[in-house]
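The values are calculated or read from the model by the stated rules, or taken from the named source; none is laboratory data. Just so it is clear, the structure is predicted and the values come from calculations on it, not from any experiment. Surface areas here come from the heavy atoms of the whole protein model, side chains and all, with no ligands, DNA or RNA. Shrake-Rupley method; radii C 1.70, N 1.55, O 1.52, S 1.80 Å.
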Amino acid sequence: MATSFPLQVFYDGACMVCAAEMDSYRKSNPENRLVFVDIGSDSFAAETYGKTQKDFMARLHVRDAAGNFSTGIEAFMVIWQAYPSGSLYRLLSALVGLPGINLFSRLGYSIFARNRHMLPKRNRDCLSGNCDLNH
């Protein structure tokens, strides 16, 4: 299935590791194919997308221009497909798509996603509670 751009990338801006990775993608955003949505923002409303805040906080989500969602490792692979052929990200997407590597990537990401609440957070207010992993 071909991905349609632009992609909405839903990430936890309160997570320092998550935000740093998205900042690196933002700096090299090819043809503005990536649009970043901070799910911890007080203005973010998960129900607008037919999901709960808990769904979004559980793992990375990407939504293509046709409205199709990808999550977890598949979401990263879709993000990496936004980069030009021959780029390191495109190579990484192909590599992570290989059966054995994909299995270990899924496992690694799953462990990270379940435990990222233990990572340092960005210091910011969260009046709505959207940045709470248990939301």
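Summary of values
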| quantity | calculated |
| --- | --- |
| Principal axis dimensions, the chain - Cα atoms, whole angstrom, descending | 43, 29, 27 |
| Nearby lysines by direct alpha-carbon distance to LYS27 (threshold 22 angstrom, same-chain neighbours under 8 apart not counted) | LYS121 |
| Probe 1.4 Å - accessible area at LEU107, Å² to nearest ten | 100 |
| Mean residue ellipticity (222 nm) of the chain, computed from DSSP H runs ≥ 4 via -39,500 (n - 2.57), nearest 500 | -12000 deg cm²/dmol |
